[in-house]
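These notes are about the structure you will find just below.
The values are calculated or read from the model by the stated rules, or taken from the named source; none is laboratory data. Since this is a predicted model, take the numbers as computed values, not measurements. Glycine gets a Cβ as well: all are built from the backbone with ideal geometry, and neighbour counts include every protein chain shown. Only protein heavy atoms, including side chains, enter the accessible area calculation; ligands, DNA and RNA are left aside. Shrake-Rupley method; radii C 1.70, N 1.55, O 1.52, S 1.80 Å.
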Amino acid sequence: MATTERLGPSRTRRNSNKNILTRIRHGQISGGGLSRGTEALLQERDHQAKWHGIPVMLQRLYDSSHLNSDLSHIHSIIKEVASFLSMEAMSFVTEERRTAQESTSPNTYTFDLFGGVDLLVEILMRPTLTTQTNFPKMSDDIVKDCLSVLYNCCICMEGVTKSLASRDDFVMFLFTLMSNKKTFLQTATLIEDILGVRKEMIQLEGIPNLPSLVQSFNQQQLANFCRILSVTITEPDLGNDDKHTLLAKNAQQKTNLCPSHSEVNQVALLNIPGFIERLCKLATRKVSEASGASSLLLELQDWYTLLDNALVLDTLMQMATEDAEQSTVDRQHPPLTNESSLVTSPLRHSLPQSMKIVHEIMYKVEVLYVLCVLLIGRQRNQVHRMLAEFKLIPGLNNLFDKLIWRKQTSTHVLHGQNQNCDCSPEISFKIHFLRLLQSFSDHHDDGQHFVFLNLTNPPLRWIFSLSKYRNLICDGKKGLLTRLLSVMKKEPAESSFRFWQARAVESFLRGSTSYADQVFLLKRGLLEHILFCIIDSGCKSRDVLQSYFDLLGELMKFNIDSFKRFNKYVNTEEKFQTFMTQINSSLVDSNMLVRCIILSLDRFESQTDDVRVVEVLSECSLLSYMVRVENRLTILFRLVNIINVQTLTQENVSCLNTSLVVLMLARRRGKLSFYLNALREKEYTEKYPGCLLNNFHNLLCFWQRHYLNKDKDSTCLENSSCILFTYWKETVSVLLDSDRTSLCAIASYIDEAYMDLGRDFLEV
């Protein structure tokens, strides 16, 4: 370690350092403390080891920290120690490009090495560990300084954070400190760091008097508390792609029959009276308005780097509040000096005011995140009803115009949804806003469509059921969807906002196809905008393209007007080939669009008595391409070939379902055997007989296990395809029939010698 190395290469010196530590710790246990000779030795070695007197200060603190000690003396020692550690913590936070050697924190290391962390924990918790009642009460300032020192140690040394996180008694004790407004910020920040490294998720039910604690928080404290809650209600990311496969998830669900810790914590929060209502108020509260606020946010970008820990920012906010309170006192009792002019000077208040804006945005991010997680959890239906009751949608609509939807002038690179995020608060705010809108839209029904669209003349079928949605109706002339479409068209091609915007609009359309919803979006030029982004914008982001493919599929599904508009925009062979190249470059991304085209073609072919349908069937290049059997077979072959049971995830399982749609429609027309035989011939052409069909057989076996017990997933399949789920199940059963004489069974097309290839991989 750095401190022992500074003692020199002599073995005697290394051993003497070890002996010092041993004697200190023995002295702490026995209560004997250090002898005068040992203390003298510490002082002698202090300069050479560059300990800056920290071991001696800790000895003084230990000797003075019994229950009936002079607390002012204890406080003075703690502040003296804090002065050595705070600068290291600030340097550690602000100087990101320091080398590993430069980023060491010798003072913090020395403080921990000589038992400083354990001693501060003991000082904080000592009043709770004794039955004595007549001891001096520790002041809030002492508690705050102890917490600040511990937090600084956590910043500089991950080992300290992990050590504190392993102490359940200390973690629970910290939650009791949150009831004190004056120590809340320091406590919340330390808890946030500690919970972030715990191996086991904390159980919220174990926090003493959790409901009354949360109800005692003011709105600002509740916003801070959401930072902590985000760690307790989210399943930990295991960081291993294999753990995210559907096969692994299903196996985990079989072994973990009880609800997860995060699910239990979500229920605990929902049981707190008024909790969701208060979060809705926080989420929809308007951002503080001030002249020049937008430019101040951009000017403060460097401050994000300098103040990237919540404690510093919250401390500044606390100082601003104290300044305001002091200003009131000064106005009532003006001091004799000219210092009062500093309190009221524009220079003094300009920075805190800008900080208030940043502060509001930063904590809205946490509130929106908590609502998102709750909205997609097991209790999602209950949460959705509550968010509707507390007028989340009108509040979000009022907030929407206050966001700045333009490309940032900073050097920040906008990212896709699967990348690690180190965004500015403003960018994170927008993304979480869109995620919340997407999650809420996923639960909508026909009556709620009016809420999003806010049409002047809603369809008659909506008017009769509109009364029960009165709490959702937006104020003003524009609904959320209208506003979202407006900003969506202004985004740069590679902006990650495009991904979330498209997802939010698609979630509105997802489910049973609504012609009225599609027409609303078509009239506002959404289809042409999507085609421009796919064909002409030069967009290379796979995430953005995938979201646009999915949205385009929902917009075009079963809609004859959409295909006419498509043909009008894609009016040259060059444009059509560019479009098809984008589709074929990644079927994992585009297969939902392919599925919608195939389903639409199947429906249109049954409506040939309609002149408009016949016209589109004959003129639309996209339908003409898909009507050719050889093209559908090529797509089917690729869909089955790019996935297997071991690689199935929530992202690519749609490829399996799209291949099933192709075969279900073929079965309806009595052509299932033709398609299966074509797959067999393709196998032999590619010189790997049995591989493709065995892989498909294994995938369908997994499909049965995965979907037959998942009500939500099966409902989604039925609604999106307009094919009854019973027909899905029947088709899979027919394909998996073990009777090799059946012309509709996969087994009939696999030679005996190649049966059961890869079957062992399915047994998990």
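Below, the figures for the structure above:
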item: Any helices (runs of 4 or more DSSP H) falling wholly within region 653-755 and containing at least 3 residues that are charged (D, E, K, R); result: 672-685, 711-721
item: Matching residues, region 178-198, being touching a residue at least 40 places away in the same chain (Cβ under 8 Å), part of a helix (DSSP H, G or I) and not β-branched (Val, Ile, Thr); result: 181, 182, 184, 185, 186, 188, 190, 192, 193
item: Qualifying positions in region 588-628 - free of Cβ contacts under 8 Å to residues at least 40 places away in the same chain and under 16 Å from residue 666 (Cβ atoms); result: 601, 605, 606, 626, 627, 628
item: Condition met for residue 548 (of a type in the set (Ser, Thr, Tyr), at pLDDT 95 or above and either farther than 26 Å from residue 488 by Cα or open to solvent by 50 Å² or more (accessible area, probe 1.4 Å) (or both)); result: no
item: Test for residue 586: is it of a type in the set (Gly, Ala, Ser) and modelled with pLDDT under 95; result: yes
item: Of all residues making up region 694-728, the number that are of a type in the set (D, E, K, R), within 16 Å of residue 592 (Cα to Cα) and open to solvent by 60 Å² or more (accessible area, probe 1.4 Å); result: 1
item: Check on residue 42, modelled with pLDDT of 75 or more and either touching a helix residue (DSSP H, G or I) at 6+ places or on another chain (Cβ under 7 Å) or among the basic types (Lys, Arg) (or both); result: no
item: Single unsatisfied condition, residue 391 versus (1) modelled with pLDDT of 90 or more; (2) among the charged types (D, E, K, R); (3) at positive phi; result: (1)
item: Criterion (modelled with pLDDT of 85 or more and either touching a Ser or Thr at 6+ places or on another chain (Cβ under 8 Å) or closer than 30 Å to residue 561 by Cβ (or both)) met by exactly one of 439, 496; result: 439
item: Scope region 552-563; condition assigned to a helix (DSSP H, G or I) and either crowded, with 17+ Cβ neighbours inside 10 Å or in contact with a strand residue (DSSP E or B) (Cβ under 8 Å, 6 or more places away or on another chain) (or both); matching residues; result: 552, 553, 554, 555, 556, 560, 562, 563
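Results for (1) closer than 30 Å to residue 698 by Cβ; (2) acidic (Asp, Glu); (3) at pLDDT below 85, shown as yes or no for each residue.
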position: 186; (1), (2), (3): no, no, no
position: 189; (1), (2), (3): no, no, no
position: 192; (1), (2), (3): no, yes, no
position: 201; (1), (2), (3): no, no, no
position: 232; (1), (2), (3): no, no, no
position: 244; (1), (2), (3): yes, no, yes
position: 248; (1), (2), (3): yes, no, yes
